[in-house]
Amino acid sequence: MNIQMEWYRVFYWTAKLGSLTKAAEQLHITQPAVSHTLKQLEGALGGALFFRTAKGVTLTAEGEVLYSYVEQAMQMLDIGEKKMAEMQSLLLGEIHIGASDTLCKHYLLPCLEQFHQQYPDIRVHVTNRTTPETITLLKEGKIDFGIVNLPADDPKIDFRPSAPQQDCLVGHPKYAELARQPLPLAELHQYPLLLLEPGGSTRRFLDSYAGAHGTTLHPEFELGSLDLLVQFAQSGFGLTFITRQFITEELASGKLVEIPLTPPIPLRHIGIATLKNVPLSAASKRFIGFLS
């Protein structure tokens with residue numbers, strides 16, 4: 001049966017109001033159009049749905065059965081439209097975000113706090129993963145967007161640069177003498193080095209930086225998070241690379257000392273990763289606006 005959804009809408013309002021004229025007014029069409037549509041629906045279904053009375057129209061037994069289902073469908077559609085309106089006005093919705101522990105702590109959390117204050121009914125789910133793992137989750141459709149360390153590249157994903165971040169070499173105050181003048185990168189091997197484990201975007205960035213200047217980084221310790229690197233560096237285990245914006249308190253208090261390098265480490269950015277050609281929800285768009 002080739003039945004159009006609009007036929008059921010005409011049927012619903014005619015049955016609900018008991019009048020072709022009132023249904024026509026509700027739907028903003030003519031009474032002949034209502035009558036013609038009902039005849040098409042009856043022809044497609046193979047039975048009469050109404051019989052005329054002095055006061056209008058009344059449902060037949062078959063019409064009563066059909067109306068019980070159409071009424072539920074129309075109510076569900078109405079609920080769906082209201083939910084859509086609530087989501088567009090940010091009165092309802094969910095956001096699924098992927099980000100590393102470090103980016104959650106130093107970049108995402110402040111924005112989450114502001115967003116939650118303004119839109120308390122939007123539920124936010126955060127999945128903590130490395131940048132490569134976040135990109136995988138995004139392509140699998142398990143998150144709406146990711147917060148990643150740039151540079152990153154994938155043909156299926158758009159990467160939008162957000163906040164800049166500058167990596168720097170730091171160490172315990174016992175290495176303060178090295179801070180007097182830029183340390184040549186080629187001489188870094190003379191000192192114990194702490195690095196993140198291989199596989200993440202930050203480790204690849206640093207290895208690429210060193211390799212571009214003919215040097216290979218040989219860490220004595222490989223750790224799983226930047227917070228551990230900071231703790232180990234503060235304890236005097238060696239030098240490490242950290243994003244300067246993440247250790248402002250440690251540098252200001254003297255718990256860590258920044259050691260300038262030559263050539264300097266290039267500036268990079270935190271990025272917002274979204275799937276190409278996949279529209280974002282209103283809540284996701286608004287949250288990304290907070291990040292921007």
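The values are calculated or read from the model by the stated rules, or taken from the named source; none is laboratory data. If you're wondering where the values come from, they're calculated on a predicted model, not measured in any experiment. Cβ: placed from backbone, ideal geometry, glycine included. Neighbour counts: every protein chain shown. When the accessible area is computed, the model is the full protein with side chains, heavy atoms only, and any ligands, DNA or RNA have been set aside. Shrake-Rupley method; radii C 1.70, N 1.55, O 1.52, S 1.80 Å.
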> What list of whole percents do you get for P(r) of segment 98-150, with Cα-Cα distances grouped in 10 Å bins up to the one holding the largest distance?
Replying inline: 26, 50, 23, 1
> Can you give the relative contact order of segment 77-152 as a percent, counting alpha carbon pairs under 8 Å and 6+ residues apart?
Replying inline: 40
> What number of lysine-lysine pairs in the chain show an alpha-carbon separation below 13 angstrom, given a sequence spacing of 8 or more or placement on distinct chains?
Replying inline: 5
> Which label belongs to the value computed from this structure, given these candidates for Cα extents along the principal axes in Å: (1) 103, 35, 26; (2) 58, 41, 37; (3) 46, 46, 35?
Replying inline: (1)
>> On C-alpha positions alone, give me the angle between the axis of helix 282-291 and the longest principal axis of the chain, in degrees, nearest 10.
In response: 20
> What shape does segment 8-136 take by its C-alpha gyration tensor, where a ≥ b ≥ c are the square roots of the eigenvalues and a/c under 1.5 counts as rounded, a/b above b/c as prolate, and the rest as oblate?
Replying inline: prolate
> Ignoring any ligand, DNA or RNA, what whole percent of the accessible area of segment 109-207 comes from carbon and sulfur when the probe is 1.4 angstrom?
Replying inline: 48
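Sum up the charges of everything whose Cβ sits under 12 Å from the Cβ of GLY271, counting Lys and Arg as +1 and Asp and Glu as -1, but leave GLY271 out.
My count for the surroundings of GLY271 gives -1.
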> HIS125: accessible area at probe 1.4 Å, nearest 10 Å²?
Replying inline: 60
> If you add up the charges near TYR67, with Lys and Arg at +1 and Asp and Glu at -1, over every other residue whose beta carbon is less than 15 angstrom from its beta carbon, what do you get?
Replying inline: -2
>> Taking loop as defined by DSSP and a crowding limit of 13 other beta carbons within 10 Å, which trypsin sites (Lys or Arg not before Pro) in segment 34-89 fit?
In response: LYS55
> Which trypsin sites (Lys or Arg not before Pro) from segment 232-278 combine a DSSP loop assignment with at most 10 other Cβ atoms within 10 Å?
Replying inline: LYS276
> What ranking, highest mean first, results for peptides 166-172, 285-291 when packing means the other Cβ atoms within 10 Å averaged over each residue?
Replying inline: 166-172, 285-291
> Using a 1.4 Å probe, how large is the accessible area of ILE157, given in Å² and rounded to the nearest 10?
Replying inline: 10
> Over the chain, what relative contact order in percent results from Cα pairs under 8 Å that are six or more residues apart?
Replying inline: 21
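Report the antiparallel proportion of the DSSP beta bridges in the chain as a percent, rounded to a multiple of 5.
On the way: 22 of 39 bridges.
Of those bridges, close to 55 percent are antiparallel.
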> How about segment 134-242: which trypsin sites (Lys or Arg not before Pro) there are in a DSSP loop, with at most 15 other Cβ atoms within 10 Å of their Cβ?
Replying inline: LYS142, LYS156
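Show THR216, THR37 ordered by accessible area, largest first, where the area counts protein heavy atoms only and the probe is 1.4 Å.
THR216, THR37
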> Which value, in Å², gives the accessible area per residue of the chain when a 1.4 Å probe is used on the protein heavy atoms?
Replying inline: 55
>> Using helices alone, I'd like the mean residue ellipticity at 222 nm for the chain: each DSSP H run of four-plus residues gives -39500 (n - 2.57), total over residue count, nearest 500.
In response: -13000 deg cm²/dmol
> Local charge sum around GLY224 (other residues, Cβ-Cβ under 15 Å, Lys/Arg +1, Asp/Glu -1)?
Replying inline: -2
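Percent relative contact order of segment 186-256, based on C-alpha pairs within less than 8 angstrom and at least six residues apart?
Once divided by the residue count of segment 186-256, the mean separation gives 37 percent.
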> For SER235, what accessible area in Å² do you get when you roll a 1.4 Å probe over the heavy atoms of the protein chains, rounding to the nearest 10?
Replying inline: 80
